[in-house]
Amino acid sequence: MAKIELSPQAKRLKTIIISLPILVAASVVYYKREVLGEPQRTIPKPQQNATATSQSNVPSQSDEKTFSS
């Protein structure tokens, strides 16, 4: 696909169209945290013990054999 050279005014408009939604979303998150006191979202740390892996929802091979009979 051929690339079309944009005029300076079109480049400015493209920059505004791309950056405005990012600015609005970041402002909403910042407002909620600073003014409303909402805590920052965090990613939960994975558990390192063996019980977390044994309680998964994926059936083991022995479970598959009991379901198929």
Counted residues, the stretch 1-24 - those being outside any helix (DSSP H, G or I) and not charged (D, E, K, R): 5
Count of the stretch 8-45 residues which are of a type outside the set (A, V, I, L, M, F, W, C) and surrounded by fewer than 10 Cβ atoms within 10 Å (Cβ to Cβ): 11
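Any read-out appearing in this document is the output of simple, stated calculations on the displayed coordinates, not a laboratory observation. It should be emphasised that the depicted structure is a prediction, and the values quoted were computed from it without experimental measurement. Note that each Cβ is placed from the backbone with ideal geometry, even for glycine, and that neighbours are counted across all protein chains shown.
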